[in-house]
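The values are calculated or read from the model by the stated rules, or taken from the named source; none is laboratory data. Quantities reported herein were computed from a predicted structural model and do not represent experimental measurements. Here the Cβ positions follow ideal geometry from the backbone for every residue, glycine too, while neighbour counts run over all protein chains shown.
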4 protein chains.
Amino acid sequence: MKNTFGGNVTVTLFGESHGPEIGAVLDGLAAGIPVDEAYIAEKLRLRRPAGKISTARREADPFRIVSGVFNGRTTGTPLTILIPNGDTRSQDYTFGPVRPGHADYTGHIRYSGFEDYRGGGHFSGRITAALVAAGAVLAYALEQKGIRIGTHIARCAGIADAGFSERPEADIEKLNRMEFAVLDEAKGAEMRAAAERAAEEGDSVGGVLETLVTGVPAGVGEPWFDTMEGMLSHALFSIPAVKGVEFGDGFALADMRGSEANDPFVMRDGKVETATNRNGGINGGITNGMPVLFRCAVKPTPTIRKEQQTVDITKNQETTLAAGGRHDPAIVHRARVVADCVTAIVLYDMLATRFGPEWPGGAD
Amino acid sequence: MKNTFGGNVTVTLFGESHGPEIGAVLDGLAAGIPVDEAYIAEKLRLRRPAGKISTARREADPFRIVSGVFNGRTTGTPLTILIPNGDTRSQDYTFGPVRPGHADYTGHIRYSGFEDYRGGGHFSGRITAALVAAGAVLAYALEQKGIRIGTHIARCAGIADAGFSERPEADIEKLNRMEFAVLDEAKGAEMRAAAERAAEEGDSVGGVLETLVTGVPAGVGEPWFDTMEGMLSHALFSIPAVKGVEFGDGFALADMRGSEANDPFVMRDGKVETATNRNGGINGGITNGMPVLFRCAVKPTPTIRKEQQTVDITKNQETTLAAGGRHDPAIVHRARVVADCVTAIVLYDMLATRFGPEWPGGAD
Amino acid sequence: MKNTFGGNVTVTLFGESHGPEIGAVLDGLAAGIPVDEAYIAEKLRLRRPAGKISTARREADPFRIVSGVFNGRTTGTPLTILIPNGDTRSQDYTFGPVRPGHADYTGHIRYSGFEDYRGGGHFSGRITAALVAAGAVLAYALEQKGIRIGTHIARCAGIADAGFSERPEADIEKLNRMEFAVLDEAKGAEMRAAAERAAEEGDSVGGVLETLVTGVPAGVGEPWFDTMEGMLSHALFSIPAVKGVEFGDGFALADMRGSEANDPFVMRDGKVETATNRNGGINGGITNGMPVLFRCAVKPTPTIRKEQQTVDITKNQETTLAAGGRHDPAIVHRARVVADCVTAIVLYDMLATRFGPEWPGGAD
Amino acid sequence: MKNTFGGNVTVTLFGESHGPEIGAVLDGLAAGIPVDEAYIAEKLRLRRPAGKISTARREADPFRIVSGVFNGRTTGTPLTILIPNGDTRSQDYTFGPVRPGHADYTGHIRYSGFEDYRGGGHFSGRITAALVAAGAVLAYALEQKGIRIGTHIARCAGIADAGFSERPEADIEKLNRMEFAVLDEAKGAEMRAAAERAAEEGDSVGGVLETLVTGVPAGVGEPWFDTMEGMLSHALFSIPAVKGVEFGDGFALADMRGSEANDPFVMRDGKVETATNRNGGINGGITNGMPVLFRCAVKPTPTIRKEQQTVDITKNQETTLAAGGRHDPAIVHRARVVADCVTAIVLYDMLATRFGPEWPGGAD
């Protein structure tokens, strides 16, 4: 379904980096859900470039909700958010040599040469602002129902952050206020320093994002195809530069034995829980009531100043490219807000599919 | 969409482990595609248990195609494959103590206690026989169009296989004839020995599957949501025990710099290619014409003879469980056939979406 | 989505007239819904040919439910019904001269000559047996929730039946036991006589079906696209020979004035109702709590013994055709069972979409 | 899927009558399709109120395409059209007494009282401007491929127009330039006079629209569910006030015999055609290459000045209502533009599904 995601609650993305506006349409929401514009603005602020390791492009992201909200609550009809593009420098982008690791070449083939190539067009990370705005509406609604989502930079430039603590909800609350979201701030400082060094060398760094969701009830997801893992990964791979997704202990499970990988079931306060959470809160594609935990591998930003070998597709000729324009030497800290919001989109839809449209987030 | 996957070409799965029949409906196929029953039978044979490290359950898998094929070719109407269940021992399964790491508990919550719990019911790995049969129809059609899919056991019980060689199509051909598909047979022997040791100890092992697809044209996939990575991972997480999916160098990309992770574009024989393939043949969610490469983390089989702590959900009481019944101490070698067939399902659908229903596999 | 209908609760149809089996997969059902096989058998019996005005083909329709039901209730996983084909005479069907008014020609073009042309193949009215079986499961579930569906032959061979009485639920109960469902049995006898006369002349007759649904709650349907009228008509046009669908007073509304066509709102026993029901229980695409009422125009059966002008598509040459084989001179009485079941499919899905999967028909 | 229609080419509608902007997102278009803004503007002009029998509300409809078009051609990414709302008088709308025949009551129930009730909100005929704009993009693309759509007011206030002539393409060309589209202008004058008389009496009139499409190739549509009739009717019932849809001779077929209703196949210039077109160009749900012909019953505009009995839903009390605000005593002439554009949406999607995204309308 191309630029629409979801079964019962859908998000449709549109816009190009250098067009007048980008945006998203959220459909299938119950009527009466409170919409907090300040919450959306805060998520957009956290996604915006900040500091030395982000592009110099500055965008205030003054979004407008043009439909679907009346007197501060959803009407149940499509909710549309528009975000004007400002501060674009189309002249920085010339067409011809395609950026290695980027979608320039594949977009050119996919769209037969008719793509809007300016600033990455519809492929630009800019579009994630619309994704974040839509996801923020749902993340806020989920919070009202006791479901909380938080992501930290588990790894950046080869430096590892600490893991989530015994009090994950406090961790999440803290992370959601941070511009460079780490659990161990000393490690965060090291990461930033490493990213700055890469930037000075005209290069970029990648990392790993780890997301934790608390409060997800058991019994959400399907055994085949629309597994919780399948639905989340489907959407998470839309975050530019994500090249891997793993749940619970993920790839590390491959080297374990069953007796080690299985999470024993225990009774706690009259409730079934698991003693460990190596499966990331999911068994057989369905949530088991434990926190949902997963990690996304984020490759280093493909656009770099350093000279690279490439091809000029207008001439079908080899050439080199040292990218001009404004770019992020690291996007992992911005991508984590996108990860949070994409997670909200998937979870909200799956909860609405499992429990009906009035849950979660319907009028109280 | 629950038990249906796909946009233009869809697969609908049905059946329970101990019901009379399982099956699949393939819809949206072009008319006139040759259907080779021997090819399907061979894929089913490779999926079947074999040797010491597989369950003792024996099934001949004598499938029947009951609709959608006429005179050896697709009619363009739904193609339905039925596989009778045989050799079931329902009495081996008792309901109460849920197996750690398995879907017993989550299925019970998801289906409110009405699930068919015998032999894992709809959650059983048995259902993958239907998935394989449906995927085999498409894998065969893709082969006619020059697209070849092969998977090897890149890792099992901590032992690593060799990687794909410079001649990947020869590798694929060889793998598709092997019951325990590895590129280095000495390593394969070590893996099997390790799995047998685990079995003797009442335990199980996991592994990593690596899939390579050659012949995929550039320009397939969407920039948002229906990315090639997102679509493949969506379906791959349906393979029981898969807990991670990564493309190209995947999680290893997170520690690289951009100058290292980017695949330089080069001209080869007048065609744009990349010098390396760290991105697994996909840029910006769209294929770039290089082989598509990805890996799935397969956790160890959750059902083991070893005693584990768990809960009896009929009594909400802690207990222990040493699983009876017949189980696989390793499923990685069987799962690889499922990986091939799931890959065929996703690719066929995406190619039909990109190029229209008559491609690929339409009447020649 | 081709042979699948529905959003949350889906029906997938498969099979050909002369294949071994036809069937349907019902997915998205809540777990715990009682399934009554006798109820399904009765609907299949009513759909079967009976008397002089139906084809001589006899089918016992001994369906099998092969998945999704355990201990008499739905498991929540796909429910598959298989119906074997018996008593087929493939030799009666020769390929070449296409039947006017039938799908022979369009099917040949649509499926590029690879269609299974025997007995109409996938186009055969035979496939409606699977549609009826699937719809019967849902009709039964709806009845448990107080929603009742009934259809009468409002018109046949130019003869009009009486309309629904002031006690529509009693009418529905009576209709659902009748093989030739009319409200005025004297008119029914006239209709049958007229159909028999047409049959003697090698010709066929058509008619109009009128369906009434009681107990549908207000607030179901969407203002755009997935209107109640749009969803019902989408599915109703699948009933072979249906060429028109109208709601409430339908085409007669076109000649009225607004003051006449509008149904005044009134309070009855503290509940909002309408004094009349010219809009068929639907305003703005959404149910208003009054009975849902609509009519389907059924054209006369296209296959007739009378000689007709046509084309032999194997020779691209004009010819004449006097159809052999066994055919129904009237199908309106059989189609009404299909209309009931198709209505159940659409309503069940829309109710599940509006109120969540556990409603209606979830375990009590 | 609520406010989204289509399988491969989708239209998503959003907006409320008194919100800042309404709009539509068109997704799934091939890249390189020429987009003619003047053509869109002309369709919007024809939809706009004109003359005595339309609401006094005046809107210039200065739409903006904010994404998906680059250098006058589609980019293949979502095409978004925004239309600002102007000249709204929210104070004319008070909430309480619901308009008979309108969606006020059902919308209130459907959206739990959170609906934007001003000017009909998301239910307003105003939203059809977005539908027309989106459909106009596709209608233009279809014209480039030789497919032409035209609708006339076959009936209004009980007065019948002439039918299509032997030269339907000339008829269509003429109709598409007319504000009150009839084939017999004398009859059109009578219709307008009758509508004006109704308006003077505070009442409204309805009618029947007849749509003809030439140039549709044979073989488009599916035998079950996604029949050409089912898909068209699904969308056509979204046109406010449509209560019936019939194809070819529609309800009149019900009284014919098979020998009369069947269209004989003939050879014309080496091509298979039908001698008559009583089936509206569709057999078995699939186009047969003849012009596609159907009619929509449009009920009289529900909002009238005349006093009507109704209920005040804020008090659950009977009351009367004489609607203030600005309303159309007839909408049939405006609805015909909507019918054209909805037809374009459905056909384009079905053609793209049948023949692949690059057809029709891909880059030449």
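Of all residues in the range A:271-290 being under 16 Å from A:LEU347 (Cα atoms) and in contact with a Pro (Cβ under 6 Å, 6 or more places away or on another chain), which is farthest from the other protein chains (Cβ to nearest Cβ)? Out of the qualifying residues, it is A:GLY281.
Scanning the range A:200-217 for any residue that is part of a helix (DSSP H, G or I) and either touching a Lys or Arg at 6+ places or on another chain (Cβ under 6 Å) or within 7 Å of chain B (Cβ to nearest Cβ) (or both) turns up nothing. The condition (being in a strand (DSSP E or B) and within 19 Å of B:ALA129 (Cβ to Cβ)) is satisfied by just one residue among B:ILE22, B:ILE40: B:ILE22. When residues in the range B:240-273 are screened for being among the aliphatic types (A, V, I, L, M), more than 20 Å from A:PRO240 (Cα to Cα) and crowded, with 24+ Cβ neighbours inside 10 Å, 2 of them pass. Return the pair list, or none, for Cβ contacts closer than 8 Å from residues in the range A:164-189 that are at positive phi to residues that are part of a loop (DSSP other than H, G, I, E, B) and buried (at least 18 other Cβ atoms within 10 Å of the Cβ), at least 6 apart or on different chains. Close Cβ pairs (under 8 Å, with a partner that is part of a loop (DSSP other than H, G, I, E, B) and buried (at least 18 other Cβ atoms within 10 Å of the Cβ)) do not exist here.
Scanning the range B:208-230 for residues that are at positive phi and surrounded by 21 or more Cβ atoms within 10 Å (Cβ to Cβ) yields B:GLY221, B:PHE225. Residue count for the range C:271-280 under the criterion of being over 20 Å from D:ARG305 (Cα atoms) and either modelled with pLDDT under 95 or not in a loop (DSSP other than H, G, I, E, B) (or both): the result is 3. The residue of the range C:138-153 that is modelled with the lowest pLDDT, among those that are in a helix (DSSP H, G or I) and more than 28 Å from C:MET191 (Cα to Cα), is C:GLN144. Identify, please: which residue in the range D:13-26 is in contact with a Phe, Trp or Tyr (Cβ under 8 Å, 6 or more places away or on another chain) and facing chain A (nearest Cβ under 9 Å) and is, among those, nearest to D:TYR117 (Cα to Cα)? Here the residue is D:GLU16.
Total residues in the range A:317-364 satisfying the condition of being outside any helix (DSSP H, G or I), modelled with pLDDT of 95 or more and of a type in the set (D, E, K, R): the figure is 1. Could you tell me whether the range A:281-303 includes any residue that is surrounded by fewer than 17 Cβ atoms within 10 Å (Cβ to Cβ), outside any helix (DSSP H, G or I), of a type in the set (Gly, Ala, Ser) and touching a strand residue (DSSP E or B) at 6+ places or on another chain (Cβ under 8 Å)? Within the range A:281-303, not a single residue is surrounded by fewer than 17 Cβ atoms within 10 Å (Cβ to Cβ), outside any helix (DSSP H, G or I), of a type in the set (Gly, Ala, Ser) and touching a strand residue (DSSP E or B) at 6+ places or on another chain (Cβ under 8 Å).
Inspection of the range A:297-316 identifies no residue that is farther than 26 Å from A:GLY202 by Cα, under 11 Å from the mean Cα position of the chain (by Cα) and among the charged types (D, E, K, R). Look at the range C:108-132: where a residue is within 11 Å of chain B (Cβ to nearest Cβ) and a partner is part of a helix (DSSP H, G or I), sitting 6+ places away or on another chain with Cβ atoms under 6 Å, you get C:GLU115/C:GLY107; C:GLU115/C:GLY121; C:ARG118/C:SER90; C:PHE123/C:GLY107. Within the range D:47-65, the residues that satisfy the criterion of being at pLDDT 95 or above and surrounded by fewer than 23 Cβ atoms within 10 Å (Cβ to Cβ) are D:ARG64, D:ILE65. Filtering the range A:25-37 to residues that are crowded, with 24+ Cβ neighbours inside 10 Å and assigned to a strand (DSSP E or B) leaves A:VAL25, A:LEU26, A:ASP27. Scanning the range D:319-332 for residues that are of a type outside the set (Val, Ile, Thr) and touching a Cys at 6+ places or on another chain (Cβ under 8 Å) gives a single hit, D:ALA330.
Filter the range A:236-263 down to residues that are over 15 Å from the mean Cα position of the chain (by Cα) and assigned to a loop (DSSP other than H, G, I, E, B), then give me how many there are. Final tally of qualifying residues: 5.
When D:GLY244 is tested against the conditions (1) in contact with a Cys (Cβ under 8 Å, 6 or more places away or on another chain); (2) touching a residue at least 60 places away in the same chain (Cβ under 8 Å), the lone failure is (2).
Filtering the range A:163-189 to residues that are of a type in the set (Gly, Ala, Ser) and in contact with a Lys or Arg (Cβ under 7 Å, 6 or more places away or on another chain) leaves only A:ALA181. Scanning the range C:227-260 for residues that are at the interface with chain D (Cβ under 7 Å from one of its Cβ atoms) and over 29 Å from C:ARG47 (Cα atoms) yields C:LEU253, C:ALA254, C:ASP255, C:MET256, C:ARG257, C:GLY258, C:SER259.
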